[in-house]
Amino acid sequence: MAKKSFKYAMLEALQWEMQRDKDMFYLFEFGNPNASAEGLPDISLEKEFGQFRANHSGLDEYWYIGCALGAGLIGIRAIAEIPSMTTVVPFEMICFHAARLRHMSGGQVTFPTVMIVDESGQGAGSAGQHSCYEVDSYYAHIPGLKVVVPATPYDAKGLMHAAIRDPDPILWINPGGCGRLTEEVPDEAYEVPIGKAAIRTEGEDLTIVSSGNGMPFVLKAVEKLQEEGISVETIDLRSLKPMDTEMLVASVQKTGRLLTMDESPYTLCPGAEVIARVAEQVPGVHFTRIAFPDAPPPAGWEMFNYMKPNDTHVYDAAHILLGKGGSGGGVAMKK
């Protein structure tokens, strides 16, 4: 056990699995699969496994996603990482091939392929094409594709191990806003189960649900709410598909109130699906959602930060749901 960053924990899982499976390979086109941590050995997949197995590919997402999928079809485990500015470039190949080929075989063919999609941290000044976060909704909508999004270094490692070992194609969202998080992470291999959410705080007054980049903002707001004596149950989805409906329903049956927060656009954001599933099974629940407005992100930082959901929005929306009013410091619900 040692303190590790989000990236170190993720690469440690990749390194362990590549050491175990001599046929497994990793394709990428931007940045380098390197990480370091105080008191721990540096990780460099390229240096350790060579360019044949850790391949710095050309700027062509179609070919290396196709390469990874083809390898998966013959049972070779492959990882392909897609940088944030090209997250939907290979969408057609993932939607119509990765997600469907195993089902077209009647489940006889496994498809051990992991596609890491790097999401921007929605940082101001990156221009519209680099500030998106809607890929979670895009890919979670596709039948046959599992979609996970860790929000902690511990989950980054455990979900990577689980994804690589899964026989189905996995879309593993790498949320840029969580990249600097650090925490104690076990040195040995372990799995975080796909399809199982995590309760970050227990409470009885209100349920707040988020995932990925939204979680740090939610937890900051929850800390302030708890200081005021408000009992909040905080749920980190971790897996968008399959989604842990059982945990969501059980929590809201207890609290009677549900607030969701996403950095993806308001229409059809993951929180909309959370609310729909809960509303179907919990009569009389009070709910609302916070998400990025249905507009392309602007380049100007003042405009971008005005539109970007944050902890103040979560705090205000929680107070409104509880009938206590807001602080006046932010927009409670964005459309």
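The values are calculated or read from the model by the stated rules, or taken from the named source; none is laboratory data. Quick caveat: nothing in here was measured; it's all calculated off a predicted structure. Because the Cβ atoms are built from the backbone with ideal geometry, glycine has one as well, and the counts that use them run over all protein chains shown.
Only one of these is assigned by TED's automatic domain parsing to the domain that holds residue 135 and either more than 24 Å from residue 150 (Cα to Cα) or outside any loop (DSSP other than H, G, I, E, B) (or both): 66, 31. Name it.
Unique residue meeting the criteria: 66.
Scanning region 139-191 for residues that are touching a residue at least 24 places away in the same chain (Cβ under 8 Å) and over 25 Å from residue 71 (Cα atoms) yields a total of 19. Restricting attention to region 26-43, does a residue exist that is aromatic (Phe, Trp, Tyr), modelled with pLDDT of 90 or more and closer than 23 Å to residue 173 by Cβ? Yes.
Among residues of region 258-312 being of a type outside the set (D, E, K, R), touching a residue at least 40 places away in the same chain (Cβ under 8 Å) and touching a Leu at 6+ places or on another chain (Cβ under 9 Å), the one that is surrounded by the most Cβ atoms within 10 Å (Cβ to Cβ) is 259. Screening residue 9 on (1) among the small types (Gly, Ala, Ser); (2) touching a residue at least 60 places away in the same chain (Cβ under 8 Å); (3) surrounded by fewer than 13 Cβ atoms within 10 Å (Cβ to Cβ) shows it passes everything except condition (3).
What's the total number of residues in region 283-325 that are in a helix (DSSP H, G or I) and touching a strand residue (DSSP E or B) at 6+ places or on another chain (Cβ under 7 Å)? Summing the residues that are in a helix (DSSP H, G or I) and touching a strand residue (DSSP E or B) at 6+ places or on another chain (Cβ under 7 Å) in region 283-325 gives 6.
Here is the figure for region 1-28: residues that are over 21 Å from residue 65 (Cβ atoms), in contact with a Gly (Cβ under 9 Å, 6 or more places away or on another chain) and not in a strand (DSSP E or B) total 3.
Of all residues in region 202-213, those that are under 15 Å from residue 318 (Cα atoms) have Cβ atoms under 7 Å from Cβ atoms of residues that are assigned to a loop (DSSP other than H, G, I, E, B) and of a type in the set (A, V, I, L, M), 6 or more apart or on another chain, in 205/230; 205/322; 206/230; 206/322; 209/237. In region 163-202, of all residues being under 17 Å from residue 247 (Cβ atoms) and small (Gly, Ala, Ser), the one that is surrounded by the fewest Cβ atoms within 10 Å (Cβ to Cβ) corresponds to 195. Checking each residue in region 152-162 for being within 12 Å of the chain's Cα centre (by Cα) and either surrounded by fewer than 21 Cβ atoms within 10 Å (Cβ to Cβ) or among the charged types (D, E, K, R) (or both) picks out only 155.
Is it the case that residue 16 is in contact (Cβ under 8 Å) with a residue 40 or more places away in the chain and either in the same structural domain as residue 103 (by TED's automatic domain parsing) or not hydroxyl-bearing (Ser, Thr, Tyr) (or both)? In short, yes.
Taken over region 34-47, the criterion of being in a loop (DSSP other than H, G, I, E, B) and either among the aromatic types (Phe, Trp, Tyr) or touching a residue at least 12 places away in the same chain (Cβ under 8 Å) (or both) is satisfied by 36, 37, 38, 39, 40.
Could you run through region 76-87 and say how many residues are modelled with pLDDT under 90 and outside any helix (DSSP H, G or I)?
3
Evaluating residue 240 against the criteria (1) assigned to a strand (DSSP E or B); (2) at pLDDT below 95; (3) closer than 28 Å to residue 25 by Cα leaves one unmet condition, (2). Does residue 238 satisfy the criteria of being under 30 Å from residue 17 (Cβ atoms) and touching a Pro at 6+ places or on another chain (Cβ under 7 Å)? In short, yes. What tally of residues in region 48-62 results from selecting those that are assigned to a helix (DSSP H, G or I) and under 14 Å from residue 25 (Cβ atoms)? Number satisfying all stated conditions: 6.
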